[in-house]
1. For region A:120-133, which positions are surrounded by fewer than 16 Cβ atoms within 10 Å (Cβ to Cβ) and either facing another protein chain (nearest Cβ under 7 Å) or under 17 Å from residue B:20 (Cβ atoms) (or both)?
2. Report whether or not residue B:158 is buried (at least 20 other Cβ atoms within 10 Å of the Cβ), within 14 Å of chain A (Cβ to nearest Cβ) and in contact with a strand residue (DSSP E or B) (Cβ under 7 Å, 6 or more places away or on another chain).
3. Report, ordered by the first and then the second residue, all pairs with beta carbons closer than 7 Å, sequence separation of six or more or different chains, a first member in region B:103-121 that is under 8 Å from residue B:69 (Cβ atoms), and a second member that is assigned to a loop (DSSP other than H, G, I, E, B).
4. Could you tell me which numbered condition residue B:15 fails, if it satisfies all but one of (1) more than 9 Å from chain A (Cβ to nearest Cβ); (2) touching a residue at least 40 places away in the same chain (Cβ under 8 Å); (3) surrounded by fewer than 24 Cβ atoms within 10 Å (Cβ to Cβ)?
5. Can you tell me which residue is surrounded by the fewest Cβ atoms within 10 Å (Cβ to Cβ) among those in region A:135-161 that are over 20 Å from residue B:107 (Cβ atoms), more than 8 Å from every other protein chain (Cβ to nearest Cβ) and at pLDDT 95 or above?
6. Can you tell me how many residues within region A:23-51 are farther than 30 Å from residue B:201 by Cβ and surrounded by 15 or more Cβ atoms within 10 Å (Cβ to Cβ)?
C-alpha cells in the first residue's frame, strides 16, 4: 500500500525536510560502507522509497538497520540532504511498530536499568585494580535516568515485540 | 595548567581499562588536570540509543552535561562516540532555545537545569589545537622513529561536521600530524577514511567482518607496523575481532592496534608494563622493539 503522506511525516523536522531536495544522484550510495559490502542497504533507494510512499514496506524492513552510522552520506550530499540523520528518523518510526534489532533493544534495556551501555563486571573490576585504577569509575544515578526515560516515553519502545520480528522473517 | 572533567565512557572503563590507564598517564605528562565525576551515565551511545529515540538520547546526554556544569568544568573525552553525543547535544542545546526549554522541563524532574556554560573536547582535538604537535614533541623521550603507522580516525570524530565542526569531516589531518610529531611516519592507504564496521556487530556480522577485512588488507599492503586509533569501538573491532576474522576467512592478519594515548605514553618514556599492553588481543611485543 502506498502512503502519499509518508514523505510529509518524515518532513516534519528540520532534518527530515531536507529529503525534499534529493534528486537521486546516488552520491550517498557511493560513499556508503554498508552498501559496499551488502547491497541490501542502499541509502539512495531508501530515500526514493520514502519519497514514493512505501511506508509499510520500509517500517517493517529489517534492512533499514544495516547502516553503520558513519555519516559519510550526510557530508557528501550535493543537495544538503541530511541522509543518515533523516534515516535515523525512519528507524525511530520503525521502532514504534516493533521493528528493532534485538542487540539494539537489549542496549536500550541495559541503559534503562544501569545507566550504562557496558555495565561493570567483577573481572574487569579486578583488572582495573591491577592497573592501579579504581574498581569502578562510572556509578550513574540510575533513578534519574529512569525518570528522564519515563518522561520521553522510552520504555514502550524497548518492550519485547519479538513476535512481530519473527513474522517478518 | 588546564582542568577538565574526564569522561572515560563505559566501553573504555568497563571493557578496555588499559586505554584509560594510558590516557591518564598521558594527560599527567601533558600537565592536564582531570577530575572524575562518578555520577556520569553512558553518554549515551550514538549508534544505539540514538537510533531508538532522539529525545531519550538528548535528555540523557544533557544530564551528563549538567553534572559537569555543576562542577564548573569543561568535559574531555577519550572516545569518539561520547564526543559526538556530548558535543552535538551541547551545541544543539546552545543554539536551539525551544529544544533547551523542552529538555530543561524533563531535567527539572530530577532537579537539574542545563545552562550551556561548558565545552566538550576530544582528547586529540585538545592536543592538536591547544597543546599543538610542536609542544607535544617536547614531551617525547623515546621517539617513534622508524614506525610506519596507519592512522584511523573513525567516523564520530568529525561527523556530522555541522555539529562537531573541527577537523575536516572527510579528510582529517590532526592524528597524522600528531603521530608524525612524535617521529613516526604516517602511511597512506586505501580505505583509510572508511568506517570500521563496528556499529553493525550484532546486526550483520558478515558485513561487519568484510569491512574489517577490507581495511586490514590495505594496511598490510602498505606494510604498516600498526594502526593507531582514537575510538574504543574501532579498537574493539580492529583488535578484538582480528582473530575471529582469521578463523572465519582463513586469513593471517597480525596487525597491532594502538590507542593514541598508548603511543603518546610510550613516546613519553612510560614502561609497557605500566600501561597494561598485555591486555591487547593482538600482541604488541615485537612492535615495541622497532623504535
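1. If the condition is that a residue be surrounded by fewer than 16 Cβ atoms within 10 Å (Cβ to Cβ) and either facing another protein chain (nearest Cβ under 7 Å) or under 17 Å from residue B:20 (Cβ atoms) (or both), then A:121, A:123, A:126, A:129, A:130, A:132 are the ones that fit.
2. Answer is no for this residue.
3. Within 7 Å, the pairs are B:118/B:73.
4. (1)
5. A:156
6. 1
Residue-by-condition table, conditions (1) outside the structural domain of residue A:135 (by TED's automatic domain parsing); (2) touching a strand residue (DSSP E or B) at 6+ places or on another chain (Cβ under 9 Å); (3) free of Cβ contacts under 8 Å to residues at least 12 places away in the same chain; (4) over 23 Å from residue B:202 (Cα atoms):
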| residue | (1), (2), (3), (4) |
| --- | --- |
| A:58 | yes, no, no, no |
| A:61 | yes, no, no, no |
| A:71 | yes, no, no, no |
| A:112 | no, no, no, no |
| A:122 | no, no, yes, yes |
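So that you can scan it fast, the table gives a plain yes or no per residue for (1) free of Cβ contacts under 8 Å to residues at least 60 places away in the same chain; (2) closer than 18 Å to residue A:120 by Cβ; (3) assigned by TED's automatic domain parsing to the domain that holds residue B:240:
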residue	(1), (2), (3)
B:6	no, yes, no
B:26	no, no, no
B:29	no, no, no
B:34	yes, no, no
B:39	yes, yes, no
B:42	yes, yes, no
B:50	yes, no, no
B:54	yes, no, no
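The values are calculated or read from the model by the stated rules, or taken from the named source; none is laboratory data. Values in this document were obtained by computation on a predicted structure and should not be read as measured data. Please note: Cβ atoms are built from the backbone with ideal geometry, for glycine as well, and neighbour counts cover all protein chains shown.
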